[in-house]
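Remarks on the structure that follows.
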Amino acid sequence: MGMPLGRYFVAVGSVLLALLFMANWYLPPQATPAAAADVDRTVIRLHSAQKWPERIVIDTSLPTIIPPPAKVADNLPERSSPDVRSPKEAYALLTPVRATPPAIATKPAAKRRTRTAARAVARVTSFEATEFRNPFQMSW
């Protein structure tokens, strides 16, 4: 059987409704009734103490102002033409690097590890010493 959810909502809802009726009967009525239709609501004007800035009007009927083109100097100094050389000439001007044999680092000789035989020690274990014991002695 599932949870009686429907029965819960019916019981709690009826208790809340009964409390609402009891509060309505016990509490006094409202002292002053709300304002009736004595206010003319056809025209409502709001006034504020804050003064807003004046409206900005942007005139888009005038054409856009285009700046005049920048003046380019007429008498530019002539650049001297760079000497055109081939890459072979550049390689010919290089000085050769002396080739040195790579330095080989000699590793020290590794020490030889020696092992000694371990002594045979008689080890005695009991079954109860290695058994896992449950500290809680409960069973289902």
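Taking all protein chains as shown and a probe of 1.4 angstrom, V57 keeps an accessible surface of around 110 Å².
Among all the lysines, which ones have a C-alpha under 22 Å from K107's C-alpha, if same-chain residues fewer than 8 places away are not counted? Answer for K107, where 22 Å is the Cα cut-off: none of the lysines qualify. Each peptide in 96-104, 14-22 was scored by the mean count of other Cβ atoms within 10 Å over its residues; highest first, the order is 14-22, 96-104.
The values are calculated or read from the model by the stated rules, or taken from the named source; none is laboratory data. Keep in mind that what you see is a predicted model, and the values were worked out from it rather than measured. Note that we place each Cβ from the backbone using ideal geometry, even for glycine, and neighbour counts take in every protein chain shown. Heavy atoms of the whole protein, side chains included, go into the accessibility calculation; ligands, DNA and RNA do not. Shrake-Rupley method; radii C 1.70, N 1.55, O 1.52, S 1.80 Å.
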